[in-house]
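The values are calculated or read from the model by the stated rules, or taken from the named source; none is laboratory data. Computed from a predicted model, the values in this text were never measured in an experiment. Cβ placement follows ideal geometry from the backbone for every residue including glycine, while neighbour counts extend to all protein chains displayed.
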Amino acid sequence: KQEVTQIPAALSVPEGENLVLNCSFTDSAIYNLQWFRQDPGKGLTSLLLIQSSQREQTSGRLNASLDKSSGRSTLYIAASQPGDSATYLCAVRGNKLVFGAGTILRVKS
Amino acid sequence: SAVISQKPSRDICQRGTSLTIQCQVDSQVTMMFWYRQQPGQSLTLIATANQGSEATYESGFVIDKFPISRPNLTFSTLTVSNMSPEDSSIYLCSVGLAGGPETQYFGPGTRLLVL
């Protein structure tokens, strides 16, 4: 049974800081890994999707890496802004999408 | 992409009652999914609802408690039956699109509080 763990559970940083969110999964037989952002009352927004054959994906200030063999992914956020405050969810797709519990990020101005 | 709406956005219900949540998509989709997110926990898949067939429920979820309808390719409902305070959660509808990057789109969620 796939299990996804995200560390830290919560993070508070000052504006402008670079930060890293971590995700680990127990079963490396995955098709892809996605990072989502969850805002209250707005559902989930897909940030980055990494196929199992890829090592990383970039979108603006976001960079996600995938090491499938070790069961790890990181989401790097550069020059954080207060608008980045949200819950960040990692999800891996095998025969279904399995989510981690998320990292609650607060960026202080 | 897909735009998904859910009704209601939130509700407060009494134990023993039932609530039906609606999910509307702006395009025709084959696969629709219902998730539950209990407070402080990750999203858990309740069931997969494909048009024209019975919904497929995940371990721990049963049709009597969470009946699902899927009358067409743009609409689905999830009913939470005989509610208890343990059913207090966010319920999210999601769709999978074919023909592009394999991803799922999520609705805004329905926040349910059972007293």
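Okay, residues lined up against (1) among the acidic types (Asp, Glu); (2) closer than 30 Å to A:Pro8 by Cβ; (3) modelled with pLDDT of 95 or more; (4) under 14 Å from the mean Cα position of the chain (by Cα):
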position	(1), (2), (3), (4)
B:Gln24	no, no, yes, yes
B:Gln28	no, no, no, no
B:Pro39	no, yes, no, no
B:Ser42	no, yes, no, no
B:Gly52	no, no, no, no
B:Phe66	no, no, yes, yes
B:Ser69	no, no, no, yes
Say whether the condition of being farther than 20 Å from A:Asn95 by Cβ, crowded, with 19+ Cβ neighbours inside 10 Å and more than 13 Å from the chain's Cα centre (by Cα) is met by at least one residue in region B:2-10. no
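This table checks each residue for (1) among the aromatic types (Phe, Trp, Tyr); (2) under 18 Å from A:Asn95 (Cβ atoms); (3) more than 14 Å from every other protein chain (Cβ to nearest Cβ).
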| residue | (1), (2), (3) |
| --- | --- |
| B:Cys23 | no, no, no |
| B:Met31 | no, yes, no |
| B:Leu43 | no, yes, no |
| B:Ala47 | no, yes, no |
| B:Glu58 | no, yes, no |
| B:Ile63 | no, no, yes |
| B:Thr103 | no, yes, no |
| B:Phe106 | yes, no, no |
Does any residue of region A:79-91 turn out to be surrounded by 12 or more Cβ atoms within 10 Å (Cβ to Cβ), under 27 Å from B:Arg36 (Cα atoms), of a type in the set (D, E, K, R) and in contact with a Leu (Cβ under 8 Å, 6 or more places away or on another chain)? yes
In region A:42-71, which residue that is exposed (fewer than 14 other Cβ atoms within 10 Å of the Cβ), within 14 Å of another protein chain (Cβ to nearest Cβ) and over 14 Å from the mean Cα position of the chain (by Cα) is nearest to A:Thr26 (Cα to Cα)? A:Ser53
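Would you point out which residue out of B:Asp87, B:Asp64 is more than 23 Å from A:Tyr31 (Cβ to Cβ), among the acidic types (Asp, Glu) and in contact (Cβ under 8 Å) with a residue 24 or more places away in the chain?
Working: B:Asp64 fails: in contact (Cβ under 8 Å) with a residue 24 or more places away in the chain.
Answer to the check: B:Asp87.
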Report yes if some residue within region A:18-27 is farther than 27 Å from B:Phe33 by Cα and more than 13 Å from the chain's Cα centre (by Cα); otherwise report no. yes
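Would you mind listing the strands (runs of 3 or more DSSP E) fully within region A:46-109 where at least 1 residues are touching a residue at least 40 places away in the same chain (Cβ under 8 Å) and among the aromatic types (Phe, Trp, Tyr)? Full working, then the answer.
On the way: elements: A:56-59, A:62-67, A:72-77, A:86-93, A:97-99, A:103-108.
Hits in region A:46-109: A:72-77, A:86-93, A:97-99.
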Where in region B:10-55 are the strands (runs of 3 or more DSSP E), entirely inside, with at least 3 residues that are over 22 Å from A:Lys42 (Cβ atoms)? B:43-50
